[in-house]
1. Just name the residue that is nearest to GLU58 (Cα to Cα) out of those in segment 1-38 that are of a type in the set (Gly, Ala, Ser) and more than 11 Å from the chain's Cα centre (by Cα).
2. Counting only residues that are of a type outside the set (D, E, K, R), surrounded by 12 or more Cβ atoms within 10 Å (Cβ to Cβ) and either within 16 Å of LEU14 (Cα to Cα) or without any contact (Cβ under 8 Å) to a residue 24 or more places away in the chain (or both), how many does segment 35-56 have?
3. Among (1) at pLDDT below 90; (2) touching a strand residue (DSSP E or B) at 6+ places or on another chain (Cβ under 8 Å), which single condition is PRO2 missing?
4. Just a yes or no: is a residue in segment 37-54 among the acidic types (Asp, Glu), at pLDDT 95 or above and either part of a loop (DSSP other than H, G, I, E, B) or on the phi > 0 side of the Ramachandran plot (or both)?
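The values are calculated or read from the model by the stated rules, or taken from the named source; none is laboratory data. Source: prediction; values computed, not measured. Every residue, glycine among them, receives a Cβ derived from its backbone with ideal geometry; neighbour counts consider all protein chains shown.
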Amino acid sequence: MPGRSTRFLIDTNLFVAAIKRGKMRSTELLLVLLDGPWELVADDILVSEYQKYAIKFEADAS
């Protein structure tokens, strides 16, 4: 059986805190999750929500 990878779902509250407040612990956590070896999971609805808040708070969504 292949090894199991650790998967994370980034909660919308973490995403909003990270993009709204600038460089804080929430931002650091988000960057660690994005740059780490873990698999991130989300569905289309959650990704749409991230995009909505990125636009609302004028974050770079790329």
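1. Per the stated criteria, the residue is GLY22.
2. Number satisfying all stated conditions: 6.
3. If we test PRO2 against (1) at pLDDT below 90; (2) touching a strand residue (DSSP E or B) at 6+ places or on another chain (Cβ under 8 Å), just (2) comes out false.
4. For segment 37-54, residues among the acidic types (Asp, Glu), at pLDDT 95 or above and either part of a loop (DSSP other than H, G, I, E, B) or on the phi > 0 side of the Ramachandran plot (or both): present.
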